[in-house]
Amino acid sequence: MSQGQPIVLLIDDDPNDQELAKIALEKSQIPHRLMVARDGAEALAFMRSASGSATTAPQLPHLVLLDLKLPKVNGLEVLELLRAENETSIVPIVVFTSSNEERDLERSYELGANAYIRKPNDFKEYKDTVADMGRFWILRNQSPPTAAGRMTS
Amino acid sequence: MNRSKPVQDNLEQQDFRKLVDAIPDYAIFMIDRDGKIFSWNQGASRIYGYDGSEVIGQNIALFYRDEESPEKKVKAELDEAEAKGRYQEEGWRTRKDGSRFWTNALITPLKDESGQIQGFGKITRDLTERKVAEERYRDLVDSVKDYGIFMLDKNGFVQSWNSGASRIKGYRADEIIGQHFSRFYTQVDIDRDHPSAELESAIETGRYEEEGWRVRKDGTRFWANVIITPVINAGGELIGFSKVTRNLTERKIAEEELKRAYDELEAFSYSVSHDLRAPLRSMAGFSEILEELLDEKLDPRSRDYLSRIRSSARKMSQLIDDLLNLSRLSRASLNVDKVNLSEVATKVTEEIRRSDPERANIQVEIQPNLWVEGDPNLLRIVMENLLNNAWKYTSKTEKPVISFGRTQKSGEDVFFVRDNGAGFDMRFAEKLFGAFQRLHSVDEFPGNGIGLATVRRIIHRHGGEITANGKPNEGATFSFTLRPSPTAEKDRK
């Protein structure tokens, strides 16, 4: 896990889900560095520091996997706050949750999620889904433009 | 000319007298200054029950004989007629046979050429029927306990008050009559001038109805349904308002409780959807990962157990999803459209055939073009469940036949899905529709027992009913009606 590899930020409080995501990403063979935030507050703190400062270059994630049911600050709030911040507003955020409630889906897209994916209970499907997300957001997409912009300026 | 005038007058007087005499519906008679009768028409005979010969020369006090002092009453009436030029009143009078009747009477003074009062003419109508009807109506209104029914004058002051109003609002009639009706309103409503807005709206639209909090005499509140109707007299002039108030507090409280229970249920199913699935994901995931990790070190028995864990997790996860869908059915709104049920049945059958090609021998008969109105997605779920069931329960039948069609029962369209499969014992017909209630073991016919519960809920949401008929080993018929009356709903909008 070298410094230069694309960051995947997993925001999930369930250690089992963290482990499953970690294994699924490893198996996908997509180069990445996994960071885990166990609640909304940790996630926001991470994103703030990843946005960089006057002296440090930003290191924003290529992909954020966001669970909705989180302690302290819940997933929808995290989403809203990240979209409101200039630096983090275009970071790809995939809502990755157990819920298939219509209103969660609607609300997530309203708040600017890039995708809403229900965590598959079957592990084969789960692995495929994670690999697909990785391929789409990490391999196909370039670095987030704001981050690139900040680095060259 | 001079000669003919009295003749004409005479003739006119005679004709006029005949005319008056013959009038049956009005008692018309003349009395002298003291009230003594000197003319009497047919109507008078009919209404009062006396012949002319019996009353001429008598004082009209005769008709007031049930009053405390008839003579005084007569004098007062005649004095007023003399002073004001007419006297009119409604009141009870007594007939010859002692029975009473309600009259509307008009007394006018008769003057001679010099202006001297010679006597009075009196016209009386028998309005007993109207009076009785009015009193019955008033008694009826008074006796209504569940509705507060009262009248307001055109400025909103209370004019009448029934027992329902007393019961609901806590005021006795004598406390509230003459008071302004705004005292039934909350301070907030009074501050925003709501009471007069209600009256204005009633005048504009002919009727005002609302539900809202109102205040009782003791200051407590109740949830009221209020209907205000303007009362217009024969001349088209507004003379007041009738107001009907119902106390719906209990219903309101029940609604609020229901809403709370519903919200709790919602929160519950939300957390079910989140929290029950997560552990299953771990079970399925880690047992698979474990299987991969151990791979060749795994003996067949251990591998079998790991796969059982996985398949149980999958089943339970499916079960949770089905249950959530079932609970969601009651919440989602109906999107009513025209649906060709036959087409739905055909498509569903094709899908089942594709997924189960081994049972190509099943004969499916679908009556074409059965159109209904309902939610297309939900009706599809109905057909899926019923046809899949028929498919499943004919798996041990030699020549399986499934049919979908329509019949009529008591003038209503009844749709049915029939099979010649395993059937069931009618004693358990009701049990079929309960969630998790199965009549066959999972070994015999797999399933989780939610399908028919789902179907029934959808049918109920469409205002219909579903029944099951069957006999063990002779097949089953599921019959349902649909009554979403979407056209009626659209008309209302």
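Provide, in order from the shortest bin, the percent of all Cα-Cα pairs of chain A in each 5 Å bin, continuing until the bin that contains the maximum pair distance. Spelled out per bin, shortest first, that is 2, 10, 20, 24, 22, 15, 6, 2, 0, 0.
Modelled label positions at B:Lys96 and B:Leu140, each set 7 Å beyond Cα in the direction of Cβ, lie 3.5 nm from each other.
Site pair B:Asp32 and B:Ala429 shows an inter-label distance of 9.1 nm when each label is modelled 7 Å from Cα along Cα→Cβ. Subtracting the Cα-Cα distance of B:Asn233 and B:Ala254 from 0.36 nm times their residue separation leaves 3.5 nm of extension gain. From helices alone, chain B scores -14000 deg cm²/dmol at 222 nm; the rule is -39500 (n - 2.57) for each run of n ≥ 4 DSSP H residues, then divide by the residue total. From least to most packed, judged by other beta carbons within 10 angstrom and beginning with the fewest, B:Ile28, B:Ile458, B:Ile37, B:Ile56 follow the order B:Ile56, B:Ile28, B:Ile37, B:Ile458. Applying a DSSP loop filter and a limit of 13 other Cβ atoms within 10 Å to the trypsin sites (Lys or Arg not before Pro) in the range B:115-169 leaves B:Lys145. Peptide packing for B:78-91, A:87-100, B:248-261 was compared via the average number of neighbouring C-beta atoms within 10 Å per residue; ordered from the highest value, the list is A:87-100, B:78-91, B:248-261. Summing +1 for each Lys or Arg and -1 for each Asp or Glu among the other residues whose beta-carbon sits under 12 angstrom from that of B:Gly98 gives +3.
Axis of helix B:451-461 versus longest Cα principal axis of chain B: the two differ by about 20°, to the nearest ten degrees.
The largest-to-smallest principal axis extents of the Cα set in the protein assembly as shown are 143, 79, 52 Å. Excluding same-chain neighbours fewer than eight residues apart, the aspartates and glutamates reachable from B:Lys154 by a Cα-Cα span under 19 Å are B:Asp193, B:Glu198, B:Glu200, B:Glu204, B:Glu209, B:Glu237.
This ranking places B:Tyr48, B:Tyr270 by how few other beta-carbon atoms lie within 10 Å of each, fewest first, which gives B:Tyr270, B:Tyr48.
The residues B:Trp371, B:Trp161, B:Trp223, when put in order of fewest to most other Cβ atoms within 10 Å, stand as B:Trp371, B:Trp223, B:Trp161. Taking 16 Å as the cut-off, the amide N atoms of the range A:51-78 that come nearer than this to a point 7 Å along the Cα-to-beta-carbon line of B:Asp275 belong to A:68-72.
Taking amide H positions as modeled 1.01 Å from N, with prolines and chain starts lacking one, the residues under 5 Å from B:Leu370 and 5 or more places away or on another chain are B:Leu341, B:Ser342, B:Glu343.
Would you mind calculating the gained length between B:Ser395 and B:Glu465 on full extension (0.36 nm times residue separation, minus the Cα-Cα distance), in nm to one decimal?
22.5 nm
What average count of beta carbons from other chains do you get within 10 Å of the Cβ of residues in B:277-290? Provide the component values of the computation, followed by the final result.
Values: counts 7, 10, 2, 3, 11, 8, 3, 8, 15, 5, 1, 7, 7, 0.
Going residue by residue through B:277-290 and averaging, the value is 6.
On the basis of the beta-carbon distance and an R0 of 60 Å, B:Lys217 and A:Glu80 show a calculated FRET efficiency of 0.75. Taking 7 Å steps out from each Cα toward its Cβ at B:Asn377 and B:Ser182 produces label points 5.1 nm apart. Once the convex hull of all Cα atoms in the range B:55-145 is built, its volume per residue stands at 125 Å³.
How big is the dipole moment of the range B:253-331 about its Cα centre under a simple scheme where the beta carbon of each Lys and Arg is +1, that of each Asp and Glu is -1, and everything else is neutral? Debye, nearest 20, please. Let's see the in-between values first.
On the way: 13 positive and 16 negative charges, 51 e Å.
Charge dipole of the range B:253-331: 240 debye, to the nearest 20.
In this structure the amide hydrogen of B:Val144, modeled in the peptide plane, comes within under 5 Å of the amide hydrogens of B:Ser163, B:Gly164, none closer than 5 places in sequence on its chain. Secondary structure note: in chain B, about 95% of the DSSP beta bridges are antiparallel.
Coordinate-derived values only; no laboratory data. Model, not experiment: these values are computed from the prediction. Positions of Cβ are backbone-derived with ideal geometry, glycine not excepted, and every protein chain shown enters the neighbour counts.
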